[in-house]
1. Could you check segment 79-93 and list, in sequence order, the residues that are farther than 10 Å from ILE129 by Cβ and among the charged types (D, E, K, R)?
2. Within segment 153-171, does at least one residue satisfy the condition of being surrounded by 15 or more Cβ atoms within 10 Å (Cβ to Cβ) and either free of Cβ contacts under 8 Å to residues at least 12 places away in the same chain or within 13 Å of the ligand (Cβ to nearest atom) (or both)?
3. For segment 126-139, enumerate the residues that are within 16 Å of the ligand (Cβ to nearest atom) and either on the phi > 0 side of the Ramachandran plot or surrounded by fewer than 18 Cβ atoms within 10 Å (Cβ to Cβ) (or both).
4. Select from segment 70-92 the residues that are in contact (Cβ under 8 Å) with a residue 40 or more places away in the chain, outside any strand (DSSP E or B) and under 20 Å from TYR27 (Cβ atoms) and write down the one among them that is farthest from the ligand (Cβ to nearest atom).
5. Can you tell me how many residues in segment 125-173 are part of a loop (DSSP other than H, G, I, E, B) and either within 24 Å of MET80 (Cα to Cα) or within 13 Å of the chain's Cα centre (by Cα) (or both)?
6. Just a yes or no: is a residue in segment 69-77 at positive phi and surrounded by fewer than 18 Cβ atoms within 10 Å (Cβ to Cβ)?
7. Looking at segment 98-121, which of the residues that are surrounded by fewer than 24 Cβ atoms within 10 Å (Cβ to Cβ) and hydrophobic (A, V, I, L, M, F, W, C) is farthest from the ligand (Cβ to nearest atom)?
8. Return the only residue of LYS26, LYS45 being more than 10 Å from the ligand (Cβ to nearest atom) and not in a helix (DSSP H, G or I).
Amino acid sequence: MTMTKIGILGSGQVAKTLGNGFLKHKYNVMLGSGDVSKLAEWKEKGGIHAHTGTFDQAAKWGDIIVLAVKGLVAAEIIEMAGPQNMMRKTVIDVTNPIADLPPENGVLRFFTNFEESLMERLQTQFPEIHFVKSFSCVGSPFMVNPPFAQQPTMFICGNNEASKGQVVHILEQFGWGIADMGKVTAARAIEPLCMLWCIPGMLHNQWNHAFRLEKL
Ligand SMILES: NC(=O)c1ccc[n+]([C@@H]2O[C@H](COP(=O)([O-])OP(=O)(O)OC[C@H]3O[C@@H](n4cnc5c(N)ncnc54)[C@H](OP(=O)(O)O)[C@@H]3O)[C@@H](O)[C@H]2O)c1
């Protein structure tokens, strides 16, 4: 069986953590960066299924793409990676629209507003890409098979049902319960969960939690 190829745009903590998660679950992974030398150690430790390249190479190579770059430059990096390389592909959007401003009373500042999320902006700018918001509402140490006593919930949204199906499959492998909140518009509600998740950390240095949706 051919292994699914995951192209990850990013070289930061999230890119490496998810890259390792995909390797653990037997995917082929390429991390893409503007400076590939940053990723030499990750590649070395990752073994034969771990690859590195430019943003453009990772976007072209992946069957599924993960967008794990700074929110402020997300659109710019999709342009660098070549939107044509991601046409009709699932792009797992992990980004949060965090502004370059200090938090206020432990609350992060966003450059978006409640009428327009970052993922909506990206979906409008790149209509041929199938964005699915995921992994944005938890810190990177808990993205892959988190060790909580009860299964936490990942909130996802996106316009393409088949792409959301691919993400649901990945999230199940990664140990998550899934709450599908519908179309891209729901990113207006999902992205701010990052603010909420970070408040205990900013105020009390507590970072060991995740959200869980209880239902009757
Ligand atoms: N950290 C977390 O726990 C966490 C959790 C949930 C969601 N997120 C979101 O996931 C995304 C990735 O987060 P991260 O913490 O792994 O990394 P990050 O520092 O937010 O982003 C690093 C990536 O952004 C690229 N980039 C391009 N221009 C940049 C610039 N001017 N300044 C900084 N980075 C630039 C870097 O490119 P090069 O490769 O060329 O250096 C690198 O690949 C962010 O949108 C973040 O909000 C993070």
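Computed from the coordinates by the stated procedures, all read-outs in this text should not be read as laboratory data. All values derive from a computational prediction rather than experimental measurement. Quick reminder, even Gly has a Cβ in these numbers, built from the backbone with ideal geometry, and neighbours come from all protein chains shown.
1. GLU79 - this is the single residue of segment 79-93 that is farther than 10 Å from ILE129 by Cβ and among the charged types (D, E, K, R).
2. The answer is yes, given that some residue of segment 153-171 is surrounded by 15 or more Cβ atoms within 10 Å (Cβ to Cβ) and either free of Cβ contacts under 8 Å to residues at least 12 places away in the same chain or within 13 Å of the ligand (Cβ to nearest atom) (or both).
3. Here is the first cut: in segment 126-139, the residues within 16 Å of the ligand (Cβ to nearest atom) are 131-139.
Listed by number, the list holds a single entry, PHE135.
4. In this case the residue turns out to be ARG88.
5. 15
6. Looking for residues that are at positive phi and surrounded by fewer than 18 Cβ atoms within 10 Å (Cβ to Cβ), one finds none in segment 69-77, hence no.
7. PHE114
8. Of LYS26, LYS45, the one residue that is more than 10 Å from the ligand (Cβ to nearest atom) and not in a helix (DSSP H, G or I) is LYS26.
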